[in-house]
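**Student:** My structure is below; once you've seen it, I'll send some questions.
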Amino acid sequence: MTLHSSDFGPALIRRIGFLLFPGFPMACLTAAIDTLHTANELAGNQVFSWSLITETGTQATASAGVPFSADCSLAETDAIDCLFLLSGPEAGFDDPASGHGRLRYLARHGVILGAAAGGVFPLARSGVLSGRRCAVHWSFRSAFESAFPDCTAVDRLAVRDGPVHTVSGAAAMFDLTLELIENELGEAAMNEVACMFQHPVPRSVSARQKVPVLQSGRTVDQMPPAVKQAMFIFSENVETPVGIREVARMAGISPRQLERSFRTATGLSPGEYYRRQRLKTARQMVRYSWDSISDIAHSVGYASSSTLTLHYRKFYGITPVQDRKQTFLPDTGIPVRNRPAADRSAAKAVTFASG
């Protein structure tokens, strides 16, 4: 297996730190440490070590509500080869100047920095990802690209760009960890560890992410060639919508053929699929960015926020402003779903600007 990489020669990584933010995805953590633990047992000694780190050294609660005690604070972090940031896309440091500065300090002193799932957001805010390529999960890629235009989001399971490793999600973290084991212990050991978890065919982490097709049990890569090509064209033309006739021409078929193929594959017309795809992109930005609703509307091809709101409410049963209020706890940017139930009512009393 090889990471989608812009440099050559894998660096050996044995001592790994995991920087946990409130609401981090627990699966990304357990996918790594359970796999490394199994490799240690197979090797008969502690080849790999790991530590749990938080900004201040206090415990962090995962998105599933499970608390994890920290081994140390970020300021105390030392003697590691790599530091992975684990968080949702809304996460950030309580003291950004100190937190970002510490990440840049570690990078200057040879520590490989990485991020899994939404951890790319706080990593990008530190400036470490500026000018680099990174793996960003499809569910918040649009929000990431809007917030960080100086970074290049890549549709891969994982990406290594120099001394920065990024991983799109929990299963991809498992695949990346298998690669670390292969680099250190060899292919046979990696294969045995994979089979211990009944994962006998490790994926190349340079593979593309699986993206679900709207209203379908299939993924985009399983679509007929012309439909898949049209979906790609739609995804690349969100801000300035392109006509269906032009899409058919670019896909090499007639508009009538595209209509039939699309309905057969998805149950939707090309135009309806395109509208829903733009609304899906808008929802990413509503939930994972602080762009005004007006700016979001323009970025997904709507002339005004009122038109977007009309279509958004029709499809999701809620307005963009209401969706944002129910997603985040105001003043903290922390998702309401990750806060104690007693705190959630606070979000309902605050009105967000609609732009």
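The values are calculated or read from the model by the stated rules, or taken from the named source; none is laboratory data. All values reported here derive from a predicted model rather than from experimental measurement. Quick reminder, even Gly has a Cβ in these numbers, built from the backbone with ideal geometry, and neighbours come from all protein chains shown.
**Student:** Filtering segment 219-248 down to residues that are charged (D, E, K, R) and over 30 Å from residue 190 (Cβ atoms), which residue is surrounded by the fewest Cβ atoms within 10 Å (Cβ to Cβ)? Show your work before the answer.
**Tutor:** Going through segment 219-248, the residues charged (D, E, K, R) turn out to be 221, 228, 236, 239, 245-246.
Applying the additional criterion that residues be over 30 Å from residue 190 (Cβ atoms) yields 228, 236, 239, 245-246.
Working: 228: 16, 236: 9, 239: 12, 245: 12, 246: 12.
Filtering first and then ranking leaves 236.
**Student:** Out of the residues in segment 267-320 meeting the condition of being small (Gly, Ala, Ser) and either buried (at least 23 other Cβ atoms within 10 Å of the Cβ) or not assigned by TED's automatic domain parsing to the domain that holds residue 227 (or both), tell me which one is farthest from residue 139 (Cα to Cα).
**Tutor:** To start, the set of residues in segment 267-320 that are small (Gly, Ala, Ser) comprises 267, 269, 271, 282, 289, 292, 294, 297, 299, 301, 303-306, 317.
This time we only want the ones that are either buried (at least 23 other Cβ atoms within 10 Å of the Cβ) or not assigned by TED's automatic domain parsing to the domain that holds residue 227 (or both), so: 282, 297.
Details: 282: 11, 297: 18 Å.
The extreme case among them is 297.
**Student:** Of the residues that sit in segment 81-105 and are modelled with pLDDT of 95 or more and of a type in the set (A, V, I, L, M), which one is surrounded by the most Cβ atoms within 10 Å (Cβ to Cβ)?
**Tutor:** 86
**Student:** Sticking with this structure for a sec: Go through segment 97-115 and give me each residue that's in a helix (DSSP H, G or I) and in contact with a strand residue (DSSP E or B) (Cβ under 8 Å, 6 or more places away or on another chain).
**Tutor:** If we filter segment 97-115 for residues that are in a helix (DSSP H, G or I), which is where we start, we get 97-108.
Selection gives 103, 106, 107.
**Student:** Here is a follow-up. Can you name every residue in segment 52-90 that is within 28 Å of residue 188 (Cβ to Cβ) and more than 20 Å from the chain's Cα centre (by Cα)? Even if it seems obvious, please write down each step before you answer.
**Tutor:** Quick first cut of segment 52-90, residues within 28 Å of residue 188 (Cβ to Cβ) only: 80-82, 84.
Hits for segment 52-90 are 80, 81.
**Student:** Quick one: in segment 240-283, of everything that is part of a helix (DSSP H, G or I) and among the hydroxyl-bearing types (Ser, Thr, Tyr), which residue is nearest to residue 145 (Cα to Cα)?
**Tutor:** 281
**Student:** I'd like to know if segment 325-344 contains one or more residues that are modelled with pLDDT of 85 or more, of a type outside the set (S, T, N, Q) and not in a helix (DSSP H, G or I).
**Tutor:** Taking every residue of segment 325-344 in turn, none turns out to be modelled with pLDDT of 85 or more, of a type outside the set (S, T, N, Q) and not in a helix (DSSP H, G or I).
**Student:** Still on this model: Taking interchain pairs and intrachain pairs at least six residues apart, which have beta carbon atoms under 7 angstrom, with the first residue in segment 15-36 and within 16 Å of residue 57 (Cα to Cα) and the second assigned to a helix (DSSP H, G or I)?
**Tutor:** Going by the 7 Å Cβ cut-off, the qualifying pairs are 18/29; 21/122; 22/338; 23/338.
**Student:** Read through the list (1) closer than 30 Å to residue 40 by Cβ; (2) assigned to a helix (DSSP H, G or I), then give the number of the only condition that residue 232 fails.
**Tutor:** It is condition (1) that residue 232 fails.
**Student:** If you don't mind, another one. Pairs please, first residue from segment 269-285 and under 14 Å from residue 247 (Cβ atoms), second anywhere and part of a helix (DSSP H, G or I) and small (Gly, Ala, Ser), Cβ atoms under 7 Å, 6+ apart in sequence or on different chains.
**Tutor:** Within 7 Å, the pairs are 270/230; 277/235.
**Student:** So which of 35, 30, 58 ends up being surrounded by 23 or more Cβ atoms within 10 Å (Cβ to Cβ), among the polar types (S, T, N, Q) and either assigned by TED's automatic domain parsing to the domain that holds residue 160 or not in a loop (DSSP other than H, G, I, E, B) (or both)? Quick ask: steps written out before the conclusion?
**Tutor:** On the way: 30 fails: surrounded by 23 or more Cβ atoms within 10 Å (Cβ to Cβ); 58 fails: surrounded by 23 or more Cβ atoms within 10 Å (Cβ to Cβ).
One residue alone meets the criteria, 35.
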